[in-house]
1. For labels at K56 and K19 in the simple 7 Å Cα→Cβ model, what's the distance in nm?
2. Taking R0 as 22 Å, what FRET efficiency do you get between S6 and E46 from their Cβ-Cβ distance, rounded to the nearest 0.05?
3. Counting other Cβ atoms within 10 Å, which trypsin sites (Lys or Arg not before Pro) in the stretch 19-66 have at most 15 and lie in a DSSP loop?
4. Extension gain S33-K71, at 0.36 nm per residue separation less the Cα-Cα distance, in nm?
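What follows is calculated from the coordinates using simple rules that are stated; it is not laboratory data. Note that the coordinates shown come from a computational prediction; the quantities given were computed from them, not determined experimentally. Using ideal geometry, Cβ is built from the backbone for each residue, glycine included, and neighbour counts are taken over all protein chains shown.
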Amino acid sequence: MRNFKSYEKEIFRELYKDKSVDIYFFYEKYGLSPAHIAKFILNCREKDLVQYSDGKILLTQSGISYVDENKKEIYLDSITRWKKIPKNMKLEIQPTIEEILTLSNNDEQSFLQYKEKKGAD
């Protein structure tokens, strides 16, 4: 298992999807620096994973196989951040589902009344 840098993951994903991508695309879409793009090209060319010509990066057949073999590391985030709620975002008072359903989505006054009621308890 290899720990890929985030910029490597982005480049591999795009190359796997489109096979050949203009290097400027990575700057435009992801804000990747030319140094990161150049480092990726040099490292992957040594391993015969990509070819580079005329400003485009092309994923080779061995590069396609490499991405297939490492899909889990490239496409999935090992840390499921969405499951972890930061402490500063957790509610001190946990409303019940019934209390939540009685609040109107667009009624700010109902929310403020609920907050005042809960704060007084």
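1. Computed distance between label sites K56 and K19 equals 1.0 nm.
2. Values: r = 21 Å, r/R0 = 0.95.
With a Förster radius of 22 Å, E is 0.60.
3. Details: sites: K19, K29, K39, R45, K47, K56; in loops: K19, K47.
When the trypsin sites (Lys or Arg not before Pro) of the stretch 19-66 are filtered for loop state and at most 15 Cβ neighbours within 10 Å, K19, K47 remain.
4. Details: separation 38, 0.36 × 38 = 13.68 nm, distance 2.41 nm.
Answer, rounded to one decimal: 11.3 nm.
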